[in-house]
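Input: a single structure, listed below in structure tokens.
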Amino acid sequence: MRRIVLWALAGLFVPLIASRPAHAQASRTWVSGVGDDANPCSRTAPCKTFPGAISKTAAGGEINCLDSGGFGTVTITKAISIYCEGVVGGILAAGTNGINISAAATDHIVLRGLDIEGFGTGLIGVNITQAASVIIEHCNIRDFNGGSAIGISANPSNFNSMLLIRDCVISHNGTASGGAGVQINTNGGSARVTINNTAIHNNFVGLNVLGTSNVQVNNSNISENLGTGFALSGVASARIGRSVIANNLGSATTGSVLSYLDNQINGNNPDTTPGTAGGYH
């Protein structure tokens, strides 16, 4: 009788053991140039790619780079931070997008210290379709010259989406027929965008803003672009302060741009911001 009871009890625990996940998601995971996506993405057993790590990272968690490497293109569908400062967090996106962000309207995303390379055929460096906020800091985004040909594209479907771009270099995106370094084009939503201490140069259009967007640019350089440096259309509004808009082959700005009158605008074709003539505005 005793043996029968023990076997019965053991049978009750089998389904519980079998239902446990093989790996619980961690709040902090790690990637390395010599890692393996079969690993649990811990510091001592890091993963190889961002897609491998993101599947093992809990919502609201962080992915950190242990060392330099190429960590692959990635799609983000939940709140997450990717930090690669002090090393090269490389993403090579030939023929595709570098990072797709399609998270919940309440999710917050942070990208820091990434080197996103389109290799001449990449479509969009960072493609944002939905999130509560996206922060892009200390990133290089360049050479997206295929398809849409945009360095950073924010096309949010949710209202009051927020984008902060800080301490970045966004260059050589777009083609002779179109594209931009940064393009904001709301898709039934509304975007509030702040760009600070960022260089946007050698793109087709530097900064292209459409739809119901509110953009502020501070301490930044928009220069050497093949078309307009800073273009607005529709009901979008923008303010520029302590920035340089220079040597763009097209006009300095188009649309309803408001200046704090402390910018340097010269060498463009033409040198015009509404209500101003060349020089400091």
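The values are calculated or read from the model by the stated rules, or taken from the named source; none is laboratory data. Predicted model only: the values in this text are computed from it and were never measured. Here the Cβ positions follow ideal geometry from the backbone for every residue, glycine too, while neighbour counts run over all protein chains shown. All accessible areas refer to the heavy atoms of the entire protein, side chains included, with ligands and DNA or RNA removed. Shrake-Rupley method; radii C 1.70, N 1.55, O 1.52, S 1.80 Å.
Would you tell me the accessible area of Ile184, worked out with a 1.4 angstrom probe on the heavy atoms of the protein chains, in Å² to the nearest 10?
Here the residue's solvent-accessible area equals roughly 0 Å².
Out of every Cα-Cα pair in the range 27-144, what percent are more than 23 Å apart?
Cα-Cα pairs in the range 27-144 separated by more than 23 Å: 21 percent.
Would you please give the FRET efficiency between Arg242 and Ala45, computed as 1/(1 + (r/R0)^6) with r the Cβ-Cβ distance and R0 = 41 Å, to the nearest 0.05? Each step should come with its number before you reach the end.
Details: r = 47 Å, r/R0 = 1.14.
FRET efficiency, Arg242 to Ala45: 0.30.
Using alpha carbons only, how many degrees (0 to 90, rounded to 10) separate the axis of helix 2-18 from the longest principal axis of the chain?
Once rounded, the angle reads 10 degrees.
Given R₀ = 45 Å, FRET efficiency for Asn269-Ala94 by Cβ-Cβ distance, to 0.05?
0.85
Over the Cα atoms of the range 145-236, how large are the radius of gyration and the largest Cα-Cα distance (Dmax), in Å?
Just the Cα atoms of the range 145-236 yield Rg and Dmax of 12.1, 33 Å.
What net charge is computed for the residues neighbouring Ile80, neighbours being all others with C-beta under 10 Å from the C-beta of Ile80, Lys and Arg scored +1, Asp and Glu -1? Don't jump to the answer; show the numbers that get you there.
Numbers: positive: Lys78; negative: Glu62, Asp107.
Once all neighbours under 10 Å are counted, the net charge is -1.
Could you work out the relative contact order of the chain, using alpha carbon pairs under 8 angstrom and six or more residues apart, expressed as a whole percent?
Details: 956 pairs, mean separation 23.9, N = 281.
The value is 8 percent.
Cα-Cα pairs above 29 Å in the chain: how many percent?
Result: 38 percent of Cα pairs exceed 29 Å.
Excluding ligands and nucleic acids, what accessible area in Å² is computed for Arg112 using a 1.4 Å probe, to the nearest 10?
Approximately 60 Å² of Arg112 is accessible to the 1.4 Å probe.
Using only alpha carbon pairs under 8 Å that are at least six residues apart, calculate the relative contact order of the range 77-178 and give it in whole percent.
On the way: 315 pairs, mean separation 26.0, N = 102.
For the range 77-178, the relative contact order is 26 percent.
Could you tally the net charge around Tyr260, taking each other residue with its Cβ under 13 Å from the Cβ of Tyr260, Lys/Arg +1 and Asp/Glu -1?
+1
Whole number in Å², please: accessible area per residue of the chain, 1.4 Å probe, ligands, DNA and RNA not counted.
Numbers: 12270 Å² over 281 residues.
For the chain, the per-residue accessible area is 44 Å².
Using the C-alpha gyration tensor of the range 70-228, what are the square roots of 5 times its eigenvalues, in whole angstrom, with the largest one first?
Each semi-axis is the square root of five times an eigenvalue, giving 20, 18, 15 Å.
In the range 106-167, if every C-alpha pair distance is counted and binned at 10 Å from zero, what percent goes to each bin?
Going from the shortest bin to the longest, the percentages are 23, 48, 28, 1.
For the range 61-122, what mean projected area does the convex hull of the alpha carbons give, in nm²?
With every direction weighted equally, the projected area is 4.1 nm².
Roughly what % of DSSP beta bridges within the chain run antiparallel, to the nearest 5? Walk me through the intermediate numbers first.
Numbers: 3 of 96 bridges.
Here the antiparallel bridges make up roughly 5 percent for the chain.
Quick one: accessible surface of Glu224, probe radius 1.4 Å, all protein chains present, in square angstrom to the nearest 10.
80 Å²
Taking only DSSP H segments of four or more residues, each worth -39500 (n - 2.57), what value at 222 nm results for the chain once the sum is divided by all its residues, to the nearest 500 deg cm²/dmol?
-2500 deg cm²/dmol
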